[in-house]
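Enquirer: Pasting a structure below so you can have a look.
The values are calculated or read from the model by the stated rules, or taken from the named source; none is laboratory data. Quick caveat: nothing in here was measured; it's all calculated off a predicted structure. Every residue, glycine among them, receives a Cβ derived from its backbone with ideal geometry; neighbour counts consider all protein chains shown. In case anyone asks, the SASA skips ligands and DNA or RNA and just uses the protein heavy atoms, side chains included. Shrake-Rupley method; radii C 1.70, N 1.55, O 1.52, S 1.80 Å.
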Amino acid sequence: MDEIGRLNDRSAQALEDGEASATARPLPLAGLRVLDVTQVMAGPFCSMLLADLGADVIKVEPPGTGDQTRSAMGFKMKGPDSMGFLNMNRNKRSIALNLKSEAGRALFMKLVATADILVENYRPGVMKKLGLGYEVLREHNPRLIYASISGFGQSGPWAMRPGYDLMAQAMSGVMSVTGHAGGPPVKAGVPVADIGCALFCVYGILSAYIGRQTSGEGQYIDASLFDSALAFSIWDISEYWGTGRIPKPLGTANLMSAPYQAVRASDGYFVMGATNQKLWRLLCDVLARADLVDDCRFADIPARLANRDVLIEELEKSFAERTAEEWVTHLLAVGIPAGRMNTYPEAFESEHGRHRQMRIEVPHPNEGSVPNIGFPVKFSGTPPRTRMHAPLLGEHTESLLRELGLDDEDTEALRAGGAFAP
């Protein structure tokens, strides 16, 4: 068996061992309670990551409609919830609660008293107007870690603007370097500001939680799509700060090296990279293009970057002799990084995608079995796992009331006070 085969076997065994140990060891965040007062994407994705690691996430939703994403997307499922909602809200419990009512806020405060973390993504100031801002809640629970997700942060000239991934990509500069030079604006194909903000917020929450072990106190976290998108600009803004040149879109090419991009073969595109002199010379050998080695325009990385367009033209003359798959196989065999251009279905259903378990099936009362994106980080001892399907709207309201020690009389009083009414 070759080394790659042995690594694959060890990786598969590690996953199996992790699954076997999952019932023996508690998940890393077991025992933490999170109040998820969020909708759409960045907030729900953030709280789902915490839930996947064992946190008890209580999704607090407006009665009647719930999270806006429940009815999003342009196609219908068997039940009322969208596939997007089902992929961002597993492992959570749902309570339908009207926070605009006095009774609803009173019940929410009972939940706050039991919580370690609160995540909200209303427009800045909304929670404060409801009497549920951080300064109020910390008086009831000093250990509370309170995270606010917004488009542009809780302060600053743009703070009150609506926060959407598209706006964050445009206003952060991400769109200015996406696409091809001279073409129309192009946004990143995936919601980098939303997902990035979710990830940074998790980083902030867990850092605050670790700090709380020493201080005993929670703190406030202000996470924004704008800041998160800017944080991805490392190479581009470094070029500007270092040279004064404003970065421009490069298609699939790279600021740091060439050739490192998509190139055309006889039947379509593939990606490859010869990112140093050793790989460059090896590529020229593979292509039987000694003329390129001796060409002063391509002598080193700065020269190849300066003459990138003509460099790719020359390479594609040779790449046109074989199919993309043939070139990927051939280049990998000699140690040159290369890969095919997969669609999402091809990536998920690839041998590697299946091996990495990046599609999982989650049982659901309305849908039967729902495909979900798998866990992107593997743990050897406490692997994330699906404990609950994405909740139906208000599915756990009654059980949560019981956990809080409320009886039927209390529940009726809350209902009469509009706590559960749209």
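Enquirer: Given the options 236, 309, name the one that is in contact (Cβ under 8 Å) with a residue 40 or more places away in the chain, part of a helix (DSSP H, G or I) and of a type in the set (Asp, Glu). It would help to see each step written out before you state the result.
Expert: On the way: 309 fails: in contact (Cβ under 8 Å) with a residue 40 or more places away in the chain.
One residue alone meets the criteria, 236.
Enquirer: In the list 290, 338, 306, which residue meets the criterion of being of a type in the set (Gly, Ala, Ser), in contact with a helix residue (DSSP H, G or I) (Cβ under 6 Å, 6 or more places away or on another chain) and on the phi < 0 side of the Ramachandran plot? Spell out the reasoning first.
Expert: Details: 290 fails: in contact with a helix residue (DSSP H, G or I) (Cβ under 6 Å, 6 or more places away or on another chain); 306 fails: in contact with a helix residue (DSSP H, G or I) (Cβ under 6 Å, 6 or more places away or on another chain).
338 is the lone residue from the list that is of a type in the set (Gly, Ala, Ser), in contact with a helix residue (DSSP H, G or I) (Cβ under 6 Å, 6 or more places away or on another chain) and on the phi < 0 side of the Ramachandran plot.
Enquirer: Being assigned to a loop (DSSP other than H, G, I, E, B), at pLDDT below 95, over 27 Å from residue 117 (Cα atoms) and out of contact with any strand residue (DSSP E or B) (no Cβ under 9 Å at 6 or more places or on another chain), is that true of even one residue in the range 7-23?
Expert: no
Enquirer: Here is a follow-up. What number of residues within the range 312-345 are in a helix (DSSP H, G or I), in contact (Cβ under 8 Å) with a residue 12 or more places away in the chain and small (Gly, Ala, Ser)?
Expert: Kept after step one, since they are in a helix (DSSP H, G or I), are these residues of the range 312-345: 312-319, 324-333, 344-345.
From the residues that got through so far, the ones that are in contact (Cβ under 8 Å) with a residue 12 or more places away in the chain too are 312, 314-316, 318-319, 324-328, 330-331.
Next, only the ones that are small (Gly, Ala, Ser) stay: 318, 324.
Final tally of qualifying residues: 2.
Enquirer: Yes or no: the range 295-315 includes at least one residue that is out of contact with any Phe, Trp or Tyr (no Cβ under 7 Å at 6 or more places or on another chain), modelled with pLDDT under 95 and not assigned by the TED database to the domain that holds residue 188. Working first, answer last.
Expert: Taking the range 295-315 and keeping what is out of contact with any Phe, Trp or Tyr (no Cβ under 7 Å at 6 or more places or on another chain), we get 295-303, 305-306, 308-310, 312-315.
With modelled with pLDDT under 95 added as a condition, the list becomes none.
No - not one qualifying residue is present in the range 295-315.
Enquirer: Something else now. Looking at the range 239-278, which of the residues that are outside any loop (DSSP other than H, G, I, E, B) and over 19 Å from residue 340 (Cα atoms) is most open to solvent (accessible area, probe 1.4 Å)? Give the derivation first.
Expert: As a first pass, look at the range 239-278 and keep what is outside any loop (DSSP other than H, G, I, E, B): 239-243, 260-264, 269-273, 277-278.
Remaining after also requiring over 19 Å from residue 340 (Cα atoms): 239-243, 277-278.
Values: 239: 43, 240: 95, 241: 193, 242: 64, 243: 71, 277: 68, 278: 165 Å².
So, considering only residues that are outside any loop (DSSP other than H, G, I, E, B) and over 19 Å from residue 340 (Cα atoms), the one most open to solvent (accessible area, probe 1.4 Å) is 241.
Enquirer: Quick check: anything in the range 149-164 closer than 28 Å to residue 218 by Cα, at pLDDT 95 or above, of a type in the set (A, V, I, L, M) and surrounded by 22 or more Cβ atoms within 10 Å (Cβ to Cβ)?
Expert: yes
Enquirer: To continue, here is another question. Give all pairs with beta carbons closer than 7 Å in which a residue from the range 187-206 that is open to solvent by less than 50 Å² (accessible area, probe 1.4 Å) meets a residue that is part of a loop (DSSP other than H, G, I, E, B); count only pairs at least 6 apart in sequence or on separate chains.
Expert: Close Cβ pairs (under 7 Å, with a partner that is part of a loop (DSSP other than H, G, I, E, B)) amount to 188/178; 191/41; 192/232; 194/41; 196/232.
Enquirer: Examine the range 368-389 for a residue that is assigned by the TED database to the domain that holds residue 114, exposed (fewer than 13 other Cβ atoms within 10 Å of the Cβ) and among the polar types (S, T, N, Q), and state whether such a residue exists.
Expert: yes
Enquirer: A further question on this structure: Name the residues in the range 158-186 that are in contact with a Phe, Trp or Tyr (Cβ under 8 Å, 6 or more places away or on another chain) and free of Cβ contacts under 8 Å to residues at least 12 places away in the same chain, would you?
Expert: Scanning the range 158-186 gives a single hit, 161.
Enquirer: Have a look at 227, 222 and point out the one that is part of a strand (DSSP E or B), outside the structural domain of residue 305 (by the TED database) and either modelled with pLDDT of 95 or more or open to solvent by less than 40 Å² (accessible area, probe 1.4 Å) (or both). Walk me through it before giving the result.
Expert: Details: 227 fails: part of a strand (DSSP E or B).
Of the residues listed, the single one that is part of a strand (DSSP E or B), outside the structural domain of residue 305 (by the TED database) and either modelled with pLDDT of 95 or more or open to solvent by less than 40 Å² (accessible area, probe 1.4 Å) (or both) is 222.
Enquirer: For the range 101-113: of the residues being over 16 Å from residue 396 (Cα atoms) and in contact (Cβ under 8 Å) with a residue 40 or more places away in the chain, which is most open to solvent (accessible area, probe 1.4 Å)?
Expert: In the first step, residues of the range 101-113 are kept if they are over 16 Å from residue 396 (Cα atoms); the result is 101-103, 105-106, 109, 112-113.
Filter once more, so that each one left must be in contact (Cβ under 8 Å) with a residue 40 or more places away in the chain: 101-103, 106, 112.
Working: 101: 14, 102: 145, 103: 20, 106: 54, 112: 0 Å².
Filtering the range 101-113 for residues that are over 16 Å from residue 396 (Cα atoms) and in contact (Cβ under 8 Å) with a residue 40 or more places away in the chain, the one most open to solvent (accessible area, probe 1.4 Å) comes out as 102.
Enquirer: Just to be sure I understand, how many residues within the range 32-59 are open to solvent by 30 Å² or more (accessible area, probe 1.4 Å) and of a type in the set (Lys, Arg)?
Expert: Number of matching residues: 1.
Enquirer: Among the residues of the range 383-397, are any in contact with a helix residue (DSSP H, G or I) (Cβ under 6 Å, 6 or more places away or on another chain), among the hydroxyl-bearing types (Ser, Thr, Tyr) and not in a helix (DSSP H, G or I)? Give the derivation first.
Expert: Restricting attention to the range 383-397, the residues satisfying the condition of being in contact with a helix residue (DSSP H, G or I) (Cβ under 6 Å, 6 or more places away or on another chain) are 383-384, 390.
This time we only want the ones that are among the hydroxyl-bearing types (Ser, Thr, Tyr), so: none.
Taking every residue of the range 383-397 in turn, none turns out to be in contact with a helix residue (DSSP H, G or I) (Cβ under 6 Å, 6 or more places away or on another chain), among the hydroxyl-bearing types (Ser, Thr, Tyr) and not in a helix (DSSP H, G or I).
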